[in-house]
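*Asks:* One structure, as structure tokens, below. Some questions next.
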Amino acid sequence: MNDRELESRLKNVPVPQRSAEYWNDFPSSVRVQLRHPVATRRRTVWPRLAWAGGLAFAGLFLFLALWPVHLVLKNERMFRHQLADLPQHLRTFMADEHGMHYLVADKE
């Protein structure tokens, strides 16, 4: 539909019959409605703030719950590596007042 067709259709629509009193009161009723707009649904900040706080708390909880697991796994790798090297470290002897026995020591 182009502009000409739209304009012709709008001109063909009959004007509603209103009383003279309606047309006299019309400008004041529009001004009143402009001063007191229809109540619209206000968007509040609280639901967004609640969701943001909840997500932040969940992220913090996951971080605090999973960080010790990371440390344990990191220490486990070191422990397994040292345990694998233990037989090579047990080749060193030590003498003290109780006699000769193996010394667990670092590689040199």
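The values are calculated or read from the model by the stated rules, or taken from the named source; none is laboratory data. A quick note: this is a predicted structure, and the numbers were derived from the prediction, not measured. Ideal geometry is used to build each Cβ from the backbone, glycine not excepted, and the neighbour counts take in all protein chains shown.
*Asks:* Can you find a residue in the stretch 64-82 that is part of a loop (DSSP other than H, G, I, E, B) and of a type in the set (A, V, I, L, M)?
*Replies:* no
*Asks:* So, one more: With respect to the numbered conditions (1) surrounded by 10 or more Cβ atoms within 10 Å (Cβ to Cβ); (2) acidic (Asp, Glu); (3) modelled with pLDDT of 80 or more, which one is the sole condition not fulfilled by GLU21?
*Replies:* (1)
*Asks:* List every residue pair whose Cβ atoms sit under 8 Å apart, with the two residues 6 or more apart in sequence or on different chains, where the first one lies in the stretch 55-82 and is aromatic (Phe, Trp, Tyr) and the second, anywhere, is in a helix (DSSP H, G or I) and surrounded by 10 or more Cβ atoms within 10 Å (Cβ to Cβ).
*Replies:* none
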